[in-house]
Every structure is written in structure tokens, then in C-alpha cells.
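What follows is a set of notes on a single structure, which appears directly below.
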Amino acid sequence: MKNVNKYILTIDQGTTSTRTIIFDSKTSIVAKSQMEFTQICPKNGWVEHNPEEIWELTVQTIKNAMNMANLKATNIMAIGITNQRETTILWNKNTGKVVYNAIVWQSRQSQAICDDLIKKGLNEKFHKKTGLIINPYFSASKIKWIFDNVKNVKEEADKGNILFGTIDTYLLWKLTKGEIHATDYSNASRTLVYNIIELKWDEELLNYFDIPKQILPKVYPSGHIFGFAKALTSIDKHFEKIPIASLIGDQQAALFGQCCFDEGSTKSTYGTGCFILMNTNDKIIYSDKGLLTTIAWGLNGKVKYALEGSVFVSGSAIQWLRDGMELFKESSDCEKSIRGKNPSGGIYFVPAFVGLGTPYWDNDARGAIFGITRATTKDHITVAAIEASPYQARDVMEVMIAESGFPINYLGVDGGASVNNYMMQFQANLLDAKIVRPTCLETTALGAMYLAALTVGFYESEEEIKRFHQVEKIFMRQLDDKKRQELIKGWKIAVDATLEFKNK
Ligand code: ADP
């Protein structure tokens with residue numbers, strides 16, 4: 001590392017806000033600017049964003065962060081971009097005007113298009129080629145929805161006047177003043193039309209959605225010199241020479257930002273829900289229990305894959321105790337309930353507010369609390385809600401271990417709820433992994449920064465990055481195996497009873 005006075009600027013374009021974070025050569029944050037943007041909800045279950053607003057705020061946060069850090073563009077070595085995945089934008093390549101709002105990943109307006117394909121029995125075909133399932137989350141059905149619902153767009157697309165991009169692609173196109181239309185493997189792998197085995201847009205799958213190939217971006221490794229930030233010359237003339245050196249979807253970025261470079265290394269993000277990704281190296285592992293198979297990243301001529309699973313309710317169980325039950329005022333107050341040797345009092349809390357995800361897959365299950373006695377207090381119930389996240393995350397990881405054959409030795413943790421030491425220790429007690437909480441919990445931005453840094457030679461290797469990766473705390477198992485098995489057995493019985501109750 002020979003770039004002491006140089007910095008990497010990252011854009012973290014998320015679902016509710018856009019941030020610019022500038023990192024120094026020791027991976028410390030020197031400036032951060034964050035701005036929230038409008039959530040447009042035209043109908044129940046629809047979520048859209050205004051891409052032009054996102055672009056303007058992106059530029060604004062870059063300006064703010066540069067001012068805060070008091071830096072010139074000559075100090076910036078590269079730009080990295082990480083983004084909310086799957087969110088879909090179509091725009092006119094001649095005018096730059098978007099033809100419709102960005103349709104956000106969680107938006108359900110293309111459900112009928114997906115139902116139609118599922119009815120035709122195509123799920124298995126899509127799963128084999130893309131690692132995903134047919135679902136409105138992914139970009140392809142959103143593209144078709146715009147074709148079906150916005151006048152002239154399909155005709156213009158056939159004439160070659162329309163471009164498609166996920167947010168990374170749109171920002172890249174804007175930053176390079178319309179010169180570069182590209183994406184990376186991780187983002188392409190979330191579209192439902194990218195063949196993750198052959199690493200190419202899949203003609204057969206494209207046909208099912210009537211998507212013409214010419215609207216699609218070129219796909220490159222996640223670490224790559226995509227272009228130069230010519231659109232930022234109004235901030236500083238020298239930006240026209242600053243390379244955009246990484247693009248990567250947010251969850252995969254967090255996996256990289258957690259230094260999960262090796263086979264079996266896993267990250268778990270404890271936010272509203274819980275997102276878990278395991279690095280499966282060069283192996284494409286298909287799941288029978290509802291995990292997704294996805295591309296982790298492409299770098300140095302190699303593509304790495306990952307297994308992905310999610311838990312619907314993690315920190316939001318704490319939010320419910322806070323706002324619904326009014327047990328405390330701030331989420332962090334839940335930690336005051338942790339007292340004594342058995343802080344949950346043997347209570348199990350299954351927070352199936354919206355059903356249960358991997359590996360149970362039951363949309364109709366609803367939450368339950370088990371084991372209440374006359375001695376049960378609100379503290380016991382609060383602690384049981386804290387313990388629910390590690391239990392559910394372990395359920396996902398159990399499937400990952402079984403289906404991949406890799407043990408989880410290393411688990412990087414992040415997200416708003418990961419600050420809870422009791423929760424992280426509980427997670428360690430349920431696993432045989434070294435649980436690592438980094439100093440910088442902005443692991444998504446960190447991942448884009450590490451990739452950009454490797455691409456421009458700011459760092460030389462993953463080994464060097466590991467040396468700079470700052471760890472705040474490590475959690476190891478402090479519970480004997482017998483006790484652990486008892487806890488897990490109790491949890492499984494509680495989940496089974498929750499599922500059973502639904503059938504009554
Ligand atoms: P998201 O990005 O999904 O909005 P964050 O990563 O910001 O979520 O995390 C916020 C979540 O973390 C909230 O659901 C909140 O209840 C939970 N949370 C915050 N602090 C704590 C804590 N000390 N213990 C447990 N959960 C917490």
C-alpha cells in the first residue's frame with residue numbers, strides 16, 4: 001500500500017437513501033453525506049423511485065462529502081458504486097429521459113406476469129439458469145410491465161432507442177455522460193434473464209419476457225475500470241480523470257466488505273430483516289429449501305458465487321415491542337432487559353408476523369410466544385425477541401451448511417441490530433463460527449471501496465485488505481454443546497407449534 005494521501009469515494013445507493021462515503025487508505029471513513037429521497041407508492045404493494053431525483057441527490061452527496069473532507073478530485077483515486085439490487089429503470093438513450101419511474105425491488109406490480117410463467121411450469125428452468133425463482137422482485141418482469149403499460153416504449157426499444165439498467169448502470173451512464181452502458185456480474189445475476197453458468201444474457205429467458213437484447217448493458221467483472229466521472233466536472237474539473245472502478249449489488253458488496261473472500265465464509269446483516277450470504281467460491285450450488293444462488297462478484301478473471309437466504313423479521317421484532325407494545329422508547333433500550341443468568345426466562349418468541357421464510361416457507365404462519373408463567377416479565381419477552389434473530393439466522397445457516405457442504409467458520413456481522421452484544425454472543429453460542437463485528441458497520445460501502453481499491457492498485461491483494469480490515473469485536477461460543485442442542489431443540493418445537501397452530 002503506497003497511497004497514503006489518496007482516498008476512495010463510494011456511492012451507496014440504497015432503498016431509502018443515497019450516501020457518499022469517502023475512505024482513506026486505512027479504510028477509515030473521512031466523510032459521509034446521506035440524503036433520503038421520495039418513496040412513491042401509487043398503489044398498494046407498488047413502490048417506485050424517481051431516478052432523476054436519485055441522480056441529483058447522488059451528485060449532491062458527492063459534493064457535500066468532498067467539502068466535508070476538504071478534498072480535491074486529485075486526492076480521489078477511484079469511485080466505487082454499490083446499489084439497491086433489482087430496481088429497474090428504462091430510459092431513452094438519445095434524450096436521457098426515463099420512460100417511467102424506477103420500479104423498486106419490493107414492488108409487486110408485475111406479479112401477474114410472473115404468475116403466468118409459473119403456471120406454464122417454467123420455474124425449474126429459470127432456477128437452473130439464473131439461480132433465482134420466478135418472482136416480481138427480479139428485474140425482468142418489471143421491464144415487461146413497463147413495455148405492457150407505457151405507450152411506445154416497446155416500439156422504441158425494438159428500434160434500439162431504449163436502454164435498461166439497474167441503479168448501478170443508470171448512475172454509471174449518468175456519471176460517464178451517456179458514454180458507458182454497463183453493469184457487473186452481481187447486478188446482472190439479479191435480473192432473472194442472466195445465465196449464471198454461461199455468464200451471458202440468456203436468449204431463451206429474454207424471449208419469455210419479450211425483452212430485446214439491445215436494451216441490455218454489457219456485463220463486466222465487479223472490479224473493473226468502467227469509465228470516468230465526466231459528469232462531476234462541475235464539482236471539480238479533475239473528476240473527468242477519476243475512474244469508476246467497481247459496481248456491485250448491496251448484499252454482495254457487504255459480503256466483500258466483510259472480507260468473506262473464502263469458501264464457506266458468511267455474512268449476516270441484522271436490520272429490519274436479516275440477510276445472510278455464504279461465499280461458495282466457484283461452485284454453483286442449487287438449493288431445494290428456498291435459498292437463492294447468485295453471483296457474488298467477478299474479479300481478476302474469476303467469478304465467485306454465493307448462496308443467499310433471508311429472515312423476514314429481525315430488528316422489526318424489537319420495533320414491534322417498542323411501537324406496538326410500547327415496552328420502551330428506543331430500540332437500544334431493549335438491552336436494559338438483559339439481566340441475570342437466564343434473561344429470557346425460558347421463553348421462546350417466534351416472530352412470524354408475515355409468515356416464515358427459509359427453510360419453513362409458510363406465508364400464513366403468525367407469531368407466537370411460548371412458555372409463559374406467572375413469573376414472566378416484559379424483560380423475558382424482550383430478551384426472547386432478541387434471541388429470535390440468532391435462532392432464525394441459524395436456521396438459514398443450517399440449510400446453507402447442509403446444501404453447500406461447507407462449514408461456517410467465519411461469520412461477519414453488521415446491520416443496526418448487530419450492535420447488540422448479547423444478540424451476537426447468543427448467535428455465537430448457537431454456531432461453531434468465529435463471529436466478527438467490524439469497526440466500520442458500513443460494510444456495503446466498504447465492499448465497493450475494497451473492490452475499487454483492488455482494481456486501481458490502491459491495495460494489492462485480498463490478503464492486504466484483510467490486514468487493514470478493522471475488527472471491533474469477536475464473539476466465540478461460550479456454551480457447551482449439550483445446552484446448545486437443548487436451546488435449538490426448544491426453538492424447533494416452538495416453530496413447529498407455530499406452524500401447527502396456523503392449521504387449526
Ligand atoms: P434497515 O437498514 O433494515 O432499515 P438497520 O440496519 O438500520 O435497518 O437496523 C435497524 C433495526 O435494528 C431496527 O429494526 C431496530 O429495531 C434494530 N435495533 C437497533 N438497535 C438495536 C439494539 N440495540 N438491539 C436490537 N435491535 C436493535
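The values are calculated or read from the model by the stated rules, or taken from the named source; none is laboratory data. Please read all numbers here as calculations on a predicted model, not as lab measurements. We place every Cβ from the backbone using ideal geometry, glycine too, and count neighbours over all the protein chains shown. We work out accessible area using only protein heavy atoms, side chains counted, and drop any ligands, DNA or RNA first. Shrake-Rupley method; radii C 1.70, N 1.55, O 1.52, S 1.80 Å.
Under a model in which nothing but the beta-carbon of Lys, Arg (+1) and Asp, Glu (-1) is charged, the chain shows a dipole of about 460 debye around its Cα centre. Just so you know, the averaged projected area of the alpha carbon convex hull for region 221-299 sits at 7.1 nm².
Write down the percent of antiparallel bridges among all DSSP beta bridges whose residues are both part of the chain, to the nearest 5. So the antiparallel bridges in the chain amount to around 70 percent. Close amide-amide hydrogen proximity is noted between Trp46 and Arg108, each under 5 Å apart and 5 or more residues distant or on a separate chain (H modeled in the peptide plane; Pro and chain starts excluded). Out of every Cα-Cα pair that region 7-251 contains, those further apart than 24 angstrom amount to 44 percent. Seen against the Cα atoms of the chain and their longest principal axis, helix 378-404 is set at about 60 degrees. Placing dummy labels 7 Å off each Cα toward the beta-carbon, the span from Ala112 to Lys200 is 3.5 nm.
Accessible surface of region 7-251, 1.4 Å probe: 47 percent of it comes from carbon and sulfur atoms.
Once you compute Rg and the Kirkwood Rh from C-alpha atoms, what is the Rg to Rh ratio for region 258-504?
Numbers: Rg = 18.5 Å, Rh = 18.8 Å.
Dividing the radius of gyration by the Kirkwood radius yields 0.98.
Can you give the Rg to Rh ratio of the chain, both from alpha-carbon atoms, with Rh computed by the Kirkwood formula? Walk me through the intermediate numbers first.
Numbers: Rg = 22.7 Å, Rh = 23.5 Å.
Using Cα coordinates only, the ratio equals 0.97.
Calculated [222 nm] ellipticity per residue, helices only, for the chain: -10000 deg cm²/dmol; basis is -39500 (n - 2.57) per DSSP H run with n ≥ 4, divided by all residues, nearest 500.
Computed with a 1.4 Å probe over protein heavy atoms only, the accessible surface of the chain comes to 40 Å² per residue. Extension gain, Asp210-Ala497: 0.36 nm per intervening residue step, less the Cα-Cα distance, totals 98.8 nm.
Calculated translational diffusion coefficient of region 28-115 (25 °C, 0.890 mPa s; Stokes-Einstein with Kirkwood radius over alpha-carbon pairs) equals 159 µm²/s.
What's the carbon and sulfur percent of region 258-504's accessible surface, probe 1.4 angstrom, rounded to a whole number?
On the way: 5380 of 10470 Å².
Here it works out to 51 percent.
Take 106-114, 269-277 and order them by the average number of nearby Cβ atoms within 10 Å per residue, most first; the result is 269-277, 106-114.
When only alpha carbons are used to place a centre, region 331-389 and region 52-121 end up 37 Å from one another.
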